[in-house]
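Asks: Right, I'll just put the structure down here and ask away after.
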Amino acid sequence: MRGSCTHKPTSSRLTARAVATISTGAALISGRTTMPTEISRQFRFEAAHRLPNVPPDHKCARLHGHSFQITIVVGGDVHPEQGWIIDFAKIDEAWAPLHEVLDHRYLNDIEGLENPTSEILARWIWERISIPDATLRSVVVHETCNAAAHYRPDAP
Ligand SMILES: [Zn+2]
């Protein structure tokens, strides 16, 4: 590990919803329902890994662990009455089975994660998460507070 995390992921649904509402409020007042808005949800899991393709003396070749922080970003039309794209709970439901597969595991043992860099882990999550009524925009994998991989294959 290159450092320890000192900030905490968003733990309050109300806080996250408040941020989304503030950022979209002006457009809601104007009556638009299609707004360039995204929402995100943060998750965390603990896991061990090692990187098999780095030089043997590289520190990441050794078995070690991370408190991975995952951000799932989705977009879509804002419902004219509900005022949201989807309930954050839908993202929680989509994440839950992946958490079960990843949390407190040795990532190298998981199919598709034989070389579990953050970049490959972000793509692995993208290919397996499905969120109804929203469009997946990006998956961000933080392996430390200041090191992250952003996977967004549909970005221009
Ligand atoms: Zn690592």
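The values are calculated or read from the model by the stated rules, or taken from the named source; none is laboratory data. All values reported here derive from a predicted model rather than from experimental measurement. Note that we place each Cβ from the backbone using ideal geometry, even for glycine, and neighbour counts take in every protein chain shown.
Asks: Among the residues of the range 62-87 satisfying the criterion of being within 26 Å of Asn146 (Cβ to Cβ) and among the hydrophobic types (A, V, I, L, M, F, W, C), which is farthest from the ligand (Cβ to nearest atom)?
Replies: Val74
Asks: Let me ask something additional. Taking the range 40-62 on its own, how many of its residues are within 15 Å of the chain's Cα centre (by Cα) and hydrophobic (A, V, I, L, M, F, W, C)?
Replies: Residues that pass the stated criteria total 2.
Asks: Filter the range 44-61 for residues that are within 9 Å of the ligand (Cβ to nearest atom) and free of Cβ contacts under 8 Å to residues at least 24 places away in the same chain; which is farthest from Val141 (Cα to Cα)?
Replies: Selected residue: Lys59.
Asks: Of the residues that make up the range 81-99, is at least one exposed (fewer than 13 other Cβ atoms within 10 Å of the Cβ), assigned to a loop (DSSP other than H, G, I, E, B) and touching a strand residue (DSSP E or B) at 6+ places or on another chain (Cβ under 8 Å)?
Replies: no
Asks: For Pro116, are the conditions met, namely being loosely packed, with under 13 Cβ neighbours inside 10 Å and either away from the ligand (no atom under 16 Å from the Cβ) or modelled with pLDDT of 95 or more (or both)?
Replies: Criteria not met by Pro116.
Asks: Starting from residues that are more than 18 Å from Thr37 (Cα to Cα) and under 10 Å from the mean Cα position of the chain (by Cα), keep the ones in the range 130-148 and report whichever is surrounded by the fewest Cβ atoms within 10 Å (Cβ to Cβ).
Replies: Ranking the qualifying residues of the range 130-148, first place goes to His142.
Asks: Okay, next question. What number of residues within the range 100-140 are part of a helix (DSSP H, G or I) and not polar (S, T, N, Q)?
Replies: 15
Asks: Hey, another quick one. Being within 13 Å of the ligand (Cβ to nearest atom) and touching a residue at least 40 places away in the same chain (Cβ under 8 Å), is that true of even one residue in the range 35-43?
Replies: No, because not a single residue in the range 35-43 is within 13 Å of the ligand (Cβ to nearest atom) and touching a residue at least 40 places away in the same chain (Cβ under 8 Å).
Asks: Please name all residue pairs, on different chains or six or more residues apart, with Cβ atoms under 6 Å, provided the first residue is in the range 119-133 and is closer than 17 Å to Ser40 by Cβ and the second residue is hydrophobic (A, V, I, L, M, F, W, C) and assigned to a loop (DSSP other than H, G, I, E, B).
Replies: Asp133/Ile86
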